[in-house]
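Okay, so here's the structure we're looking at.
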Amino acid sequence: MEKYSIKYDADNTTYEFLVGQFPFRDGETCKYSIFYEGKMVASFEPDRNNILNICKNTGGFDEGLLGQLADEIEDRHPNIISCSDD
């Protein structure tokens, strides 16, 4: 499992999210849990095309902000299906 932080500026606030990468379903794809201030606030799962989709938004964050976060995760992990950085 990898964890790393991503910062975003929105609504005159800087948000620092902690992203946790976890094996998902068959252990070959990844699920991403998003933490803010020590609490899980969202999670993403890949669809059959390996595009990340919001599956939970317990923190009530704007979906546009979460969409940007998903885009950044996909950029950081272009090979999302393997659940690795390779």
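The values are calculated or read from the model by the stated rules, or taken from the named source; none is laboratory data. These numbers were taken from a predicted model, which means no experiment stands behind them. Neighbour counts are summed over all protein chains in view; Cβ atoms, including those assigned to glycine, are modelled from backbone coordinates with ideal geometry. With ligands, DNA and RNA removed, areas are computed over all heavy atoms of the protein, side chains included. Shrake-Rupley method; radii C 1.70, N 1.55, O 1.52, S 1.80 Å.
A simple packing score, the average count of other Cβ atoms within 10 Å per residue, orders the peptides 31-44, 63-76 as 31-44, 63-76, with the highest score first. Within the same chain, lysines fewer than 8 places from LYS31 are excluded, and of the rest, those with a Cα less than 17 Å from its Cα are LYS3, LYS39, LYS56. What a 1.4 Å probe finds exposed on the stretch 3-76 is 41% carbon and sulfur by accessible area, rounded to a whole percent. For the stretch 3-76, the relative contact order comes to 17 percent (Cα pairs under 8 Å, sequence separation of at least 6).
Averaged over every viewing direction, what's the projected area of the C-alpha convex hull for the stretch 3-76? Give it in nm², one decimal, please. Let's see the in-between values first.
On the way: hull surface 19.4 nm².
Across all orientations, the stretch 3-76 yields a mean hull projection of 4.9 nm².
Heavy atoms of the protein chains alone define the surface here; on that basis the stretch 3-76 has 60 Å² accessible area per residue at 1.4 Å probe size.
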